[in-house]
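Novice: Handing you a structure now.
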Amino acid sequence: MDFTFTEEQQAATEAARAVFSGTAPDRVPSPALTPGAVAEDIDRPLWAELAAGDLLGLTLEPRHGGAGLDLIALCLVLRESARVLARVPLLETCAVAMTLQRYGDPGLAAELLPPVVRGELVLTVGANGRSGHDPAELAVTARRETTAKDPLPDGGSGDADDADSGWVLDGTQSAVPWAQVADWIAVPAHTDGGGAVVALIRPDQDGVDLAEQVSTNGERFAEVRLRSVRVDRRALIDGAGAWEWLRALLTTGTCALALGLGEAVLAMTSEYTGKREQFGFPIATFQAVAVQAADRYIDLRAMEVTLWQAAWRISTGADGALPAEGDIAVAKIWASDGIRRVVQTAQHLHGGFGADTDYSLHRFHAWAKQIELSLGPAAAHEEALGDLLAAHLLD
């Protein structure tokens, strides 16, 4: 594995920094002081800037108006977005778009992806299941809906596949980011045969009910309840591995968010401890403070190397001693535990100042807790890694 970024990936990073340079973490009310969501909608001006900077189509093919880059480039941009707590569903939109491009109906992809690149469509995904603990695809059932065909002139009947007119969804997906303002929601579901599929639905479809929820960091979430929701055949992505691919993108992207947020928090801590004095010296010069900060720096470097390992495995399809799911699990373990330790140490070293709602550290703490538990805490991924190790005995 080569950790050197390509010129295109470095250009994406520079473009992202330019776009996010005007975004302040405290541009919305504090989640600690707001009883509901901190905002009714995503940051639309920022979304438009991302589109103008060609960052929404970063990983899509040129035929859809994209730049044709890979997951690593997307993770670099997500890393920058987390540094400023950008209130946009960048990960969800890009992950769903990449899955539609790879596994979905070509006609639907040609219809939806160019508007996504232009910032005209917002996509999101229900990846937490009903409770956040069970596999998301088990929370919704998908069954075929068939319509009898008129007899053919020779007395025969139409082809069985031609009679397949769509699918019907039933179930509930909880904690779906920005479902109320999204144009399309990707919903994983399981079929009678035990397979996993991904359905694309509209929030205003018949049978779709959105119950208001608020995330730990104050963003608008929704519990998406589906009651006999009919999905056109082409809006159901049933290619082998489609849901697993989408979940891998989401999990790895979440690790990139954790890394960017953690780096911003450590930078805040370094600046504060370099200025805060006790006994006439900056507290950063005290051994107890320096050691704690150094430990968190090591956490961040471990989060970084495991993130790029996972993103590289997904992007290249390279072989390894374990499937790519193993690298993804390791990255998420480090991201969940590492970001928790980083923000806890930051709060400790800031003292009472870290709890001041006029200072932005508490906002990063809320986001860190949301990221830590998103798509499963460290313990869930440790269990998944153990299962992979048991199934693939290493020499």
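The values are calculated or read from the model by the stated rules, or taken from the named source; none is laboratory data. If you're wondering where the values come from, they're calculated on a predicted model, not measured in any experiment. Ideal geometry is used to build each Cβ from the backbone, glycine not excepted, and the neighbour counts take in all protein chains shown. Quick note on the areas: whole protein, heavy atoms, side chains included, nothing else; ligands and nucleic acids left out. Shrake-Rupley method; radii C 1.70, N 1.55, O 1.52, S 1.80 Å.
Novice: Only one of 82, 97, 86, 73 is buried (at least 22 other Cβ atoms within 10 Å of the Cβ) and in contact with a strand residue (DSSP E or B) (Cβ under 7 Å, 6 or more places away or on another chain). Can you tell me which? Give the derivation first.
Specialist: Values: 82 fails: in contact with a strand residue (DSSP E or B) (Cβ under 7 Å, 6 or more places away or on another chain); 86 fails: in contact with a strand residue (DSSP E or B) (Cβ under 7 Å, 6 or more places away or on another chain); 73 fails: in contact with a strand residue (DSSP E or B) (Cβ under 7 Å, 6 or more places away or on another chain).
Answer to the selection: 97.
Novice: Out of all the residues in segment 316-349, which are small (Gly, Ala, Ser), within 23 Å of residue 246 (Cβ to Cβ) and either buried (at least 24 other Cβ atoms within 10 Å of the Cβ) or modelled with pLDDT of 95 or more (or both)?
Specialist: Of segment 316-349, the ones small (Gly, Ala, Ser) are 317-318, 320-321, 324, 326, 329, 331, 335-336, 338, 346.
Still in the running and within 23 Å of residue 246 (Cβ to Cβ): 317-318, 320, 324, 326, 329, 331, 335-336.
Across segment 316-349, the qualifying residues are 324, 326, 329, 331, 335, 336.
Novice: Suppose we filter 234, 247 for residues that are within 28 Å of residue 107 (Cα to Cα), surrounded by fewer than 22 Cβ atoms within 10 Å (Cβ to Cβ), touching a residue at least 24 places away in the same chain (Cβ under 8 Å) and in contact with a helix residue (DSSP H, G or I) (Cβ under 9 Å, 6 or more places away or on another chain); which single one remains?
Specialist: Numbers: 247 fails: surrounded by fewer than 22 Cβ atoms within 10 Å (Cβ to Cβ).
Just a single option satisfies the conditions, and that option is 234.
Novice: List pairs: first in segment 74-94 and part of a helix (DSSP H, G or I), second open to solvent by 10 Å² or more (accessible area, probe 1.4 Å) and of a type in the set (Lys, Arg), Cβ under 9 Å, 6+ apart or cross-chain?
Specialist: Correct list of pairs: 80/17; 83/17.
Novice: Can I ask one more? Which members of segment 295-344 meet the condition of being assigned to a loop (DSSP other than H, G, I, E, B) and either within 29 Å of residue 272 (Cβ to Cβ) or not small (Gly, Ala, Ser) (or both)? Reasoning before the result, please.
Specialist: Of segment 295-344, the ones assigned to a loop (DSSP other than H, G, I, E, B) are 317-323.
319, 322, 323 - these are the residues of segment 295-344 that are assigned to a loop (DSSP other than H, G, I, E, B) and either within 29 Å of residue 272 (Cβ to Cβ) or not small (Gly, Ala, Ser) (or both).
Novice: Would you be able to tell me the number of residues in segment 351-361 that are assigned to a helix (DSSP H, G or I) and either of a type in the set (D, E, K, R) or at pLDDT 95 or above (or both)? Break it down into steps so the answer makes sense when it comes.
Specialist: First, pick out the residues of segment 351-361 that are assigned to a helix (DSSP H, G or I): 351-355, 361.
Add one more test, that the residue is either of a type in the set (D, E, K, R) or at pLDDT 95 or above (or both), and what stays is 361.
Of the residues in segment 351-361, 1 are assigned to a helix (DSSP H, G or I) and either of a type in the set (D, E, K, R) or at pLDDT 95 or above (or both).
Novice: Any residue in segment 379-390 that is over 14 Å from residue 331 (Cα atoms) and charged (D, E, K, R) sitting within a Cβ distance under 8 Å of a residue that is assigned to a helix (DSSP H, G or I) and open to solvent by 30 Å² or more (accessible area, probe 1.4 Å)? List the pairs, counting only those 6 or more apart or interchain.
Specialist: none
Novice: Here are the criteria: (1) at pLDDT below 95; (2) within 23 Å of residue 77 (Cβ to Cβ); (3) surrounded by fewer than 18 Cβ atoms within 10 Å (Cβ to Cβ). Tell me which single one residue 375 does not satisfy.
Specialist: (3)
Novice: Quick check on residue 69: is it under 17 Å from the mean Cα position of the chain (by Cα) and in contact (Cβ under 8 Å) with a residue 12 or more places away in the chain?
Specialist: Numbers: under 17 Å from the mean Cα position of the chain (by Cα): no; in contact (Cβ under 8 Å) with a residue 12 or more places away in the chain: yes.
Judged against the criteria, residue 69 is not a match.
Novice: Being part of a loop (DSSP other than H, G, I, E, B) and either closer than 29 Å to residue 165 by Cα or open to solvent by 20 Å² or more (accessible area, probe 1.4 Å) (or both) is the filter here; which residues of segment 205-218 pass it? Even if it seems obvious, please write down each step before you answer.
Specialist: Taking segment 205-218 and keeping what is part of a loop (DSSP other than H, G, I, E, B), we get 205-207, 215-218.
Correct list: 205, 206, 207, 216.
Novice: What number of residues in segment 237-252 are within 16 Å of residue 124 (Cβ to Cβ), of a type in the set (A, V, I, L, M, F, W, C) and in a helix (DSSP H, G or I)?
Specialist: Qualifying residue count for the region: 4.
Novice: Evaluate segment 17-39: report whether one residue or more is buried (at least 17 other Cβ atoms within 10 Å of the Cβ) and more than 25 Å from residue 213 (Cβ to Cβ).
Specialist: yes
Novice: Turning to a different aspect of this structure: Residue 60 is checked against (1) in contact with an Asp or Glu (Cβ under 9 Å, 6 or more places away or on another chain); (2) assigned to a loop (DSSP other than H, G, I, E, B); (3) of a type in the set (A, V, I, L, M); (4) open to solvent by less than 30 Å² (accessible area, probe 1.4 Å) and fails just one. What number does that condition carry?
Specialist: Failed condition: (1).
Novice: Can you tell me which condition residue 194 does not meet? The list is (1) open to solvent by 10 Å² or more (accessible area, probe 1.4 Å); (2) of a type outside the set (Val, Ile, Thr); (3) on the phi < 0 side of the Ramachandran plot, and all the others hold.
Specialist: All conditions pass for residue 194, except number (3).
Novice: Show the residue pairs meeting these rules: Cβ distance below 8 Å; 6+ apart or different chains; first residue within segment 265-283 and farther than 17 Å from residue 25 by Cβ and in contact (Cβ under 8 Å) with a residue 24 or more places away in the chain; second residue outside any helix (DSSP H, G or I) and of a type in the set (Asp, Glu).
Specialist: 283/277
Novice: Please count how many residues of segment 253-289 are part of a helix (DSSP H, G or I) and surrounded by 14 or more Cβ atoms within 10 Å (Cβ to Cβ). I'd like the intermediate steps shown before the answer.
Specialist: Here is the first cut: in segment 253-289, the ones part of a helix (DSSP H, G or I) are 253-275, 283-285, 287-289.
From the residues that got through so far, the ones that are surrounded by 14 or more Cβ atoms within 10 Å (Cβ to Cβ) too are 253-266, 268-270, 272-273, 283-284, 289.
Selection size over segment 253-289: 22.
Novice: I would also like to ask the following. Scan segment 102-119 and report the pairs whose first residue is on the phi > 0 side of the Ramachandran plot and whose second residue is aliphatic (A, V, I, L, M), with Cβ atoms within less than 6 Å and a gap of 6+ or a chain change.
Specialist: So the pair list comes out as 119/48; 119/51; 119/56.
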